[in-house]
Amino acid sequence: MRTAVSLIAAALVGGAFFGPTPPAPAAPSGDRPYAVGPLPGETRGGLSCAAASCHGGGRPGERFSEHSTWAADLTRNPPVPHDPHANAYRVLFNADSVRIAGLVGGGPAHTNDRCLACHTAPNATDGAVAEGVGCAGCHGPEEKWLTRHYLPEWKALSNRDKAAFGFVPTKNLVARTSTCAGCHVGDATRDVDHDLIAAGHPRLNFEYARFDHSEAYRKHWADPAADRDFEVKEWAIGQLTSLRAALDLLTARATAADAKLVGQSWPEFSEGSCYACHQTVGRDLYPTREIPGGLTRRGSLVPWQPWYTALVDDAALFAALFPGSARPDLTELRTEMEKRSPDPAKVKGIAARAVVGLAATLAAIQAAEDRGSFPAVSPSRLAGLLAAGALTDDGRLRDDDWDAVAQRYLGLAMTYHAAGGDGPATVGWRKPLLDLRAALAFPTAAGGRIDSPRSYHARDAVRPLTDLRTLTTPRTGR
Amino acid sequence: MTNGHARWVVATGLFAAGLAVVAGTFVSPAAAQGPVADPLLPKDADDVSTGYTACSLCHAVEYPIDVAKNQFAKKYASHEFVRLSEGNTWNREDPHSQAHKVLESKLGQQMKQLLKYDVAKAPQCLTCHAIDVAPGLSPEKKKAEHFETSEGITCNACHGLRPNWQKAHYDEKGGTIRWRLYTPEKKRDEGLRNLRDPHVRAELCASCHVGSAAAGKVVTHDMYAAGHPPLPPFELATFMESQPKHWGYPTDPELKFFSQAGADKFAAQAKKDLPENWRWSLYRFHPKDDEVYIARSVTAGAVASLKAEMEMLADDANRAGGKDWEGIDYARFDCYACHHDLKVPSDRQQRGYDDGKPGRPPMKAWLGALPGVVAEHAATLAPLAATAKEFPAKWGAVRAAAVARPFGDPERLKEAAGAMAAWCDDFLKKSEADGKPLYSKAESKKLLDAIGTAATSKRWTADPEAAMHLTWAYLSLRDGMGLATRVGDRDELGKTVPLRVRATPYSRNDLPVPAGEAIGPRLRLFAAFKSDDFTARFQQLLKK
């Protein structure tokens, strides 16, 4: 650490802090996001964070009260957790978890490593487990940075320097969304597979911009209000980091299947579109379904990973703005994964290569963020791309899968908010967006919940998407 | 005649063996090359007659029959043997007459577009939707020209393709139709399939309504995904009831020949022509009066369905690793394990997954549910006890192999499904072996109660298809035993699970009925299945 401090000092003296190749102690591999892979050190929980003079100010929602915002509101009985992450461990004791654990086997959820991998912070010591996903779950295990991060020198460190201590620089969107994706999508060590979902675990369908603006979530931080493109950036980066995580998980699954490891299911259904299978048969016998215009997959087979791949081409256009990025090409992987029995040996190879490519792209974006040299991205332009990408020239949906259309909706809704909501930039957008949302909505049920788009017809999405395409097409020649 | 007589005697003794030949050879072209040619299989292309017109000359009389005006009724009392109006029923109301026409409907067009082949000409469609006039030919060799498509599934498609019996069955000698003196076995030797035998009927109907690997009658998941309506679980007695009936049950008062009195009358008239060992019971399937006729249909239908499905599964698994084999076809698994809306709370999660891991498609529950009840009951019947007790282990092996990994372990499935199919065959044969009644009124009541208990047990409550299939069997058997159900109770149950294969009977002018209209109401009700409602209403039925 001595080395780090002295190097930083040198950099400050030189006045070149944001230089192109910032020096870092034991620099992590330069071609991947900071928060990916095992972080050094362990966590003993957030008690020391919660000191009144640090992050436990006791005024939820305010600065220096981050821990208070995250933590349970102890003034109420029973205590109400402000942040769902604070409840992550406790839910393992509820009736749902008991049933899920009973169905999948492997012992009670609160002692099952598979559950604990996400329901507590990684690297948590025994005493920290019960805290759920505490500070260290996202900010990194504090062992190596706790006593440093309040020193004035800490602020002078680059993100790369900080990352070397096991700290996750969550202001960097690549680092931040990669951290989220590690649990909310999964990775080589964290796997919510179909066995677990069938036992009752909720499906994971992570979309960062949507999560970031969830009404149910109380933030303990503030994003830069001055950055008008912030939402577009977080959306696009979230798409790419989620895809990377999904492919990392697929690589692990295919590797295990290829090695014929006991317990690895293959084909793994959670790689597929949920609602391709989970739909009521015979809802309409004629026409059974719309015939999509772009993808040539066989209607009787399961679309592969529509949630995380639907907008890869659109997100790739964003990625292309960064030098050193590579365009992700999933054609070969999709072809193999949409077979009835994909070859795990083939899949693990292609997926692993795709992960490397995406990690390099994300590293390029991450570095640009750190440099502050982030290109401007217009929400309206992106909306135009998203709407146009949904449709073929002859006006059919390119991909009619619910996941694919829902991702487009979320992307378009994000551009609407990023453009300032109702205003001169979005005249006429509101109605088609609401129509699209209505087409995708799940029905409500008395005494329970329907988790399927029972009344979804792809044809109902065509009109709103066509309208949005018209509204967002840049006018030329006038 | 002498020859025929000699063959009766043999045929009577080999009653059960003969039936096995019928069943075995129909589904297995390989067996046709054996030493004994299947008398139901045409020898060559000229040995086939499928047309409706010839049959309609006699069998399309308006019902009820005006005996004074109908020469067959007047002279030979033919209306006491058959209805004589069969052709009208088939022609006006029976969807079998539309079997090929539906391939050219809107739905057929859609399937053609999605499947990228012409469903009206593709052998894999025609095996069920037209008449296979070369039934001995293996499925991969079949071409469009091996099918007669013009009239759908006509009389002869089921009753027998060969012209031999078609001509012989109205031959008259000395005022008696000679055909009437033949036993069912003799008639089969002449080319008429004995559809009055529930076992024969079950295997024939199941060959399309469940499928047949050997005959190339397999609805694949590709076909379903392109729009083929889902095949409902096959329950023979319910399907018979849902079909516009051109036949009568032996208990039908119109068909006097099937009563002892009617048979005596016939015997007296035909005395000089009757062979010595003639007895009327030979003409009925069940040899004793005290057997409940429908019970055999329910049990044979259940076991024949399982057999047909297991043969398809074994055939699929057997092709594992071969060219173009992509994995066991999704259609072999429980459709509704995947095809259901996701709900919280979930019936499936409450019930648990006794096949193994959650999230792996199991076998269709209905396939094993009713045979399980039939076998459990049969364990108390002497001729079947030993075989019946093997059922749980055999079926358990299939189910375990199906969830060993997603979409099954082909090696294990091949073996387990083959053994299960062999068990079904064994069970069906042993059901008939000693010619004694199995399903007396008392035994049928036990079977009925066992089906009722199964239908309301927790085990099947999360599986609407098994619940529906058990309900169908229960109601069919109950009706067959003449036990009344209160109309109100039945209506209430009908609000929770479909009680009929089709919503409404067809009429003269609305064929073909679009598939959605014909079965849409059933599917919608099925999709809305709530196990608690179903169980409560079924229990109401059991109380009476």
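The values are calculated or read from the model by the stated rules, or taken from the named source; none is laboratory data. Values in this document were obtained by computation on a predicted structure and should not be read as measured data. Every residue, glycine among them, receives a Cβ derived from its backbone with ideal geometry; neighbour counts consider all protein chains shown. For accessibility, only protein heavy atoms count, side chains too; no ligands or nucleic acids. Shrake-Rupley method; radii C 1.70, N 1.55, O 1.52, S 1.80 Å.
Which aspartates and glutamates, on any chain, are close to residue B:142 with Cα under 14 Å apart, when same-chain ones fewer than 8 places away are left out?
Result set, ordered by chain and number: B:132.
Putting +1 on Lys and Arg Cβ atoms and -1 on Asp and Glu Cβ atoms, find which of B:244, B:200, B:177 reaches farthest to the positive end of the dipole of region B:163-245.
B:177
Hey, got the dipole for region A:376-478? About the Cα centre, +1 on K and R Cβ, -1 on D and E Cβ, debye to the nearest 20?
In total the dipole reaches around 320 debye.
For a Förster distance of 56 Å, can you work out the FRET efficiency between the beta-carbons of residue A:392 and residue B:389, rounded to the nearest 0.05?
0.40
Give the aspartates and glutamates reachable from residue B:116 as a straight Cα distance under 12 Å; neighbours fewer than 8 places away on the same chain don't count.
B:222
If you count, for each residue, the other Cβ atoms within 10 Å and average over each peptide, how do A:98-111, A:51-64 line up from highest to lowest? It would help to have the intermediate numbers written out before the result.
On the way: A:98-111: 17.2, A:51-64: 14.1.
Result, highest mean first: A:98-111, A:51-64.
If you take each beta carbon of peptide B:521-531 and count the beta carbons of other chains within 10 angstrom, what is the mean?
Rounded to a whole number, the mean comes out at 2.
In a Debye calculation with equal point scatterers on the alpha-carbon sites of region A:263-417 and no solvent, what is log10 I(q)/I(0) at q = 0.12, 0.16 Å⁻¹?
Listed by q, the Debye log ratios stand at -0.63, -1.05.
Express in % the proportion of alpha carbon pairs of region B:149-260 at distances exceeding 26 Å.
The answer is 32 percent, as a whole percent.
What number comes out for accessible area per residue over region B:182-267 if the probe is 1.4 Å? Units Å², please.
Heavy-atom SASA per residue in region B:182-267 reads 29 Å².
Pairs of alpha-carbon atoms within less than 8 angstrom and 6+ residues apart define the contacts here; what relative contact order does region A:303-356 have, in percent?
About 30 percent, as a whole number.
Using alpha carbon coordinates only, what is the Rg to Rh ratio of region B:301-372, with Rh defined as the Kirkwood radius?
Numbers: Rg = 14.3 Å, Rh = 14.0 Å.
Rounded to two decimals, Rg over Rh is 1.03.
Take every Cα-Cα pair in region B:377-475 and report what % of them are more than 17 Å apart.
64 percent
Under the Kirkwood approximation for Rh and a Cα-based Rg, what ratio Rg/Rh is obtained for region A:320-393? Each step should come with its number before you reach the end.
Numbers: Rg = 16.3 Å, Rh = 14.9 Å.
Result: Rg/Rh = 1.09.
Tell me, what HN-Hα J-couplings in whole Hz come from the Karplus equation 6.51 cos²θ - 1.76 cosθ + 1.60 at θ = phi - 60° for each residue of region B:334-344, using x for Gly and Pro?
The phi angles translate into 5, 3, 8, 5, 9, 7, 8, 6, 8, 9, 10 Hz.
What number, rounded to the nearest 500 deg cm²/dmol, is the helix-based mean residue ellipticity at 222 nm of chain A, given -39500 (n - 2.57) per DSSP H run of at least four residues and division by all its residues? Please report the intermediate quantities before stating the final value.
Details: 21 runs with 211 residues, N = 478.
After summing the helix terms and dividing by residue count, I get -13000 deg cm²/dmol.
Nearest 100 Å² is fine: what is the total accessible surface buried where chains B and A meet, probe 1.4 Å?
3700 Å²
Taking region A:153-262, which GluC sites (Glu not before Pro) meet the DSSP loop condition and have no more than 13 other C-beta atoms within 10 Å?
Details: sites: A:153, A:207, A:215, A:231, A:234; in loops: A:207, A:215.
Counting only loop positions with at most 13 other Cβ atoms within 10 Å, the GluC sites (Glu not before Pro) in region A:153-262 are A:215.
Show me, for region A:335-343, the HN-Hα J-couplings you get by feeding each phi into the Karplus relation (A = 6.51, B = -1.76, C = 1.60, θ = phi - 60°), rounded to Hz, glycine and proline as x.
Result, ordered by residue: 4, 5, 6, 8, 7, 5, 10, x, 7 Hz.
Listed highest first by mean packing, meaning other Cβ atoms within 10 Å per residue, what order do A:323-334, B:336-347 come in? Working shown, then result.
Values: A:323-334: 15.7, B:336-347: 18.2.
Ranked from most to least packed, the peptides come out as B:336-347, A:323-334.
Helix B:441-455 versus the longest principal axis of chain B: what is the Cα-based angle in degrees, 0 to 90, to the nearest 10?
So the helix axis and the longest Cα principal axis differ by about 30 degrees.
Per DSSP helix of 4 or more residues, -39500 (n - 2.57); summed, then divided by the residues of chain B. What does that give at 222 nm, rounded to the nearest 500?
Values: 28 runs with 281 residues, N = 544.
Dividing the helical sum by the residues of chain B leaves -15000 deg cm²/dmol.
Taking amide H atoms as placed 1.01 Å from N in the peptide plane, list the residues 5 or more away in sequence, or in a different chain, whose amide H sits under 5 Å from that of residue A:445.
Long-range HN contacts for residue A:445: A:450.
Cα-Cα over 25 Å: which of B:173/B:256; A:260/B:307; B:458/B:495?
Going by Cα-Cα distance, A:260/B:307 fall outside the 25 Å limit.
Would you mind getting the Kirkwood hydrodynamic radius of region A:25-156 from its Cα pairs, rounded to one decimal in Å?
Values: mean 1/r = 0.0615 Å⁻¹.
Taking the inverse mean of 1/r over all distinct Cα pairs, region A:25-156 comes out at 16.3 Å.
On the Cα set of chain B, report Rg and Dmax in Å, please.
Using the Cα atoms of chain B, the pair Rg, Dmax is 23.1, 74 Å.
Provide a whole-number value for the mean count of partner chain Cβ atoms within 10 Å of the Cβ atoms in peptide A:298-304.
Working: counts 7, 8, 12, 5, 2, 0, 0.
The shielding value for this peptide is 5.
Read phi for every residue in region B:249-258 and hand back ³J(HN,Hα) as whole Hz from Karplus 6.51 cos²θ - 1.76 cosθ + 1.60, θ = phi - 60°, with x for Gly and Pro.
Per residue, the Karplus-derived 3J(HN,Hα) values read 6, x, 8, 5, x, 5, 8, 5, 4, 7 Hz.
So what's the projected area for the protein assembly as shown, the Cα convex hull averaged over all directions, in nm²? Each step should come with its number before you reach the end.
Numbers: hull surface 192.2 nm².
That works out to 48.0 nm², a quarter of the Cα hull's surface.
So how much slack lies between residue B:47 and residue B:436, counting 0.36 nm per residue of separation and subtracting their Cα-Cα distance, in nm?
Between residue B:47 and residue B:436, full extension yields an extra 136.4 nm.
How high is the relative contact order of chain A, in percent, counting Cα pairs under 8 Å that sit 6 or more residues apart? Before the final figure, lay out the partial values.
Values: 736 pairs, mean separation 70.2, N = 478.
About 15 percent, as a whole number.
Report, ordered by chain and residue number, the lysines lying within cross-link reach of residue A:233, taken as a straight Cα distance under 17 Å and ignoring same-chain residues fewer than 8 apart.
In chain and number order, the partners are A:171.
I'd like the orientation of helix B:2-13 relative to chain B: the angle between its Cα long axis and the longest Cα principal axis, in ° from 0 to 90, rounded to 10.
It works out to around 30 degrees.
Could you give the alpha-carbon Rg of region A:377-426 over 2.2 N^0.38 Å, rounded to two decimals?
The value comes to 1.19.
Please compute the alpha carbon radius of gyration of region B:390-544, then divide it by the globular-protein estimate 2.2 N^0.38 Å. Two decimals is fine. Could you put the intermediate results ahead of the total?
Numbers: Rg = 18.7 Å, N = 155, 2.2 N^0.38 = 15.0 Å.
Normalised by 2.2 N^0.38 Å, the Cα Rg of region B:390-544 equals 1.25.
Which of the trypsin sites (Lys or Arg not before Pro) across region B:95-194 are loop residues per DSSP, with 11 or fewer other Cβ within 10 Å?
For trypsin sites (Lys or Arg not before Pro) across region B:95-194 that sit outside H, G, I, E and B with at most 11 neighbouring Cβ atoms in 10 Å, the list reads B:116.
May I ask which of B:106/B:364; B:217/B:429; B:141/B:430; B:187/B:272 have a Cα-Cα span longer than 32 Å here?
In this structure, B:141/B:430 exceed 32 Å between Cα atoms.
If we restrict to alpha carbons, what Rg and Dmax does region A:216-257 come to, in Å?
Values for region A:216-257 (Cα only, Rg and Dmax): 15.6, 48 Å.
Return, ordered by residue number, the residues of region B:75-97 whose backbone nitrogen is under 20 Å from a label point located 7 Å along Cα→Cβ of residue B:256.
B:75-86
For peptide A:273-280, compute the average count of partner chain beta-carbon atoms within 10 Å of each residue's beta-carbon.
4
If you wrap a convex hull around the alpha carbons of region A:113-160, what volume per residue comes out, as a whole number of Å³?
84 Å³
What ranking, highest mean first, results for peptides B:525-537, A:437-449 when packing means the other Cβ atoms within 10 Å averaged over each residue?
B:525-537, A:437-449
Report the rotationally averaged projected area of region B:349-431 based on its alpha-carbon convex hull, in square nanometres.
Result: a mean projected hull area of 5.5 nm².
Quick one: if the Förster radius is 56 Å, what FRET efficiency do residue A:463 and residue B:267 give, using the C-beta to C-beta distance and rounding to 0.05? It would help to have the intermediate numbers written out before the result.
Numbers: r = 75 Å, r/R0 = 1.35.
Efficiency, from the Cβ-Cβ distance: 0.15.
Ratio to report: Rg/Rh of region B:223-265, with Cα atoms as the point set and Rh obtained by the Kirkwood method; give two decimals.
Ratio of gyration radius to Kirkwood radius for region B:223-265: 1.31.
Compute the long axis of helix A:173-184 from its Cα atoms, compare it with the longest principal axis of the Cα atoms of chain A, and write down the angle in degrees, 0 to 90, nearest 10.
Once rounded, one gets 70 degrees.
I need the chymotrypsin sites (Phe, Trp or Tyr not before Pro) found in region B:29-119, filtered to DSSP loop residues with at most 15 other beta carbons within 10 Å of theirs.
Loop-located and lightly packed - B:117.
Calculate how large, on average over all directions, the projected area of the Cα convex hull of chain A is; give the answer in nm² to one decimal.
Details: hull surface 101.5 nm².
Here the figure is 25.4 nm², rounded to one decimal.
With a point put 7 Å past each Cα toward its Cβ, work out how far residue A:442 is from residue A:189 in nm, to one decimal.
About 3.1 nm separates the two model spin labels.
Give me the one-decimal Kirkwood hydrodynamic radius in Å for region B:256-403, with the sum taken over alpha-carbon pairs. Show your work: numbers first, answer last.
Values: mean 1/r = 0.0516 Å⁻¹.
One over the average 1/r among Cα pairs gives 19.4 Å for region B:256-403.
Out of B:474, B:462, B:438, whose Cα points farthest toward the positive end of the dipole of region B:438-482 (charges: +1 Lys, Arg; -1 Asp, Glu; placed on Cβ)?
Going by the Cα projections, it comes out as B:438.
Provide, for q = 0.16, 0.18, 0.26 Å⁻¹, the log10 of I(q)/I(0) from a solvent-free Debye sum over equal Cα point scatterers in region B:79-164.
For region B:79-164, the Cα-only Debye profile gives -0.68, -0.81, -1.27.
Considering the Cα trace of region A:345-442, what is its radius of gyration and what is Dmax, both in angstroms?
17.2, 53
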